[in-house]
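Shown next, in structure tokens, is the structure this report addresses.
The values are calculated or read from the model by the stated rules, or taken from the named source; none is laboratory data. Keep in mind that this is a model prediction, so the values were computed, not measured. Note that we place each Cβ from the backbone using ideal geometry, even for glycine, and neighbour counts take in every protein chain shown. Just the protein is used for accessible areas: all its heavy atoms, side chains included, with ligands, DNA and RNA removed. Shrake-Rupley method; radii C 1.70, N 1.55, O 1.52, S 1.80 Å.
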Amino acid sequence: MPALYTIGFPVISISCTCWVWLRVMPDGREMVLWLMGVVWATDTGAYFVGRMIGGPRLAPTISPNKTWAGLIGGMAAAAGIAALIGSAVGGSGAVLALWGGLAVVAQTGDLAESALKRHAGVKDSGRMIPGHGGILDRVDGLMPVALVLVLLVAFFGWSLTP
């Protein structure tokens, strides 16, 4: 368990730093809302499409309920929300829809957190939100997407608006 704490603290710290960095940017409020919308749409779309269609499992040993259909549904929902929110703030909806691909990054964060919980032999990452996987289960998709978005902004000058 000490190794997980050694990994967890820097990961959470970096994520929090990314959120603050995104928020203080000139279009930071819109960027943060866009990011949350994309990740939440991913989770919601993946859940409903995965339940409705089912099919082959995405990572059965890590998270047995996640399906490939759910991932595709999450990506579609993320693309729709990315375009909708992006258009509302003056960006190109078509270009921003392509960033629905961040849904894959969100799902990767979700799977990584599930793998850590399985490794530690626990059902929840904490007791703050019992029955929901813990507090990290609520933000596991937001954390890596924030990092990727910071990298896109810092190295490629990416922005919601042209």
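Starting from residues that are open to solvent by 70 Å² or more (accessible area, probe 1.4 Å) and over 16 Å from A146 (Cα atoms), keep the ones in segment 10-53 and report whichever is modelled with the lowest pLDDT. Residue satisfying both the conditions and the ranking: P26.
Residues of segment 93-114 that are touching a residue at least 60 places away in the same chain (Cβ under 8 Å), hydrophobic (A, V, I, L, M, F, W, C) and either surrounded by fewer than 19 Cβ atoms within 10 Å (Cβ to Cβ) or closer than 10 Å to A78 by Cβ (or both): W99, L102, A103, A106.
Of all the residues in segment 15-40, those that are within 25 Å of M75 (Cα to Cα) and in contact (Cβ under 8 Å) with a residue 60 or more places away in the chain number 12.
For segment 50-63, check the following and say yes or no: at least one residue is among the charged types (D, E, K, R) and in contact (Cβ under 8 Å) with a residue 24 or more places away in the chain. No, every residue in segment 50-63 fails to be among the charged types (D, E, K, R) and in contact (Cβ under 8 Å) with a residue 24 or more places away in the chain. Within segment 82-92, the set of residues being of a type in the set (A, V, I, L, M, F, W, C) and buried (at least 20 other Cβ atoms within 10 Å of the Cβ) comprises A82, A83, I85.
If we keep just the residues of segment 130-160 that are assigned to a loop (DSSP other than H, G, I, E, B) and open to solvent by 50 Å² or more (accessible area, probe 1.4 Å), which is modelled with the highest pLDDT? Only one residue fits best here, namely G157. Taken over segment 64-81, the criterion of being assigned to a helix (DSSP H, G or I), buried (at least 21 other Cβ atoms within 10 Å of the Cβ) and not aliphatic (A, V, I, L, M) is satisfied by G70, G73, G74. Screening T61 with (1) touching a Leu at 6+ places or on another chain (Cβ under 6 Å); (2) surrounded by fewer than 16 Cβ atoms within 10 Å (Cβ to Cβ) gives one miss only, at (1).
Looking only at segment 75-107, count how many residues are of a type in the set (S, T, N, Q) and within 18 Å of D27 (Cα to Cα).
Summing the residues that are of a type in the set (S, T, N, Q) and within 18 Å of D27 (Cα to Cα) in segment 75-107 gives 2.
Per the listing A97, A103, the residue uniquely at pLDDT 85 or above, out of contact with any strand residue (DSSP E or B) (no Cβ under 8 Å at 6 or more places or on another chain), closer than 20 Å to F156 by Cα and not in a loop (DSSP other than H, G, I, E, B) is A103.
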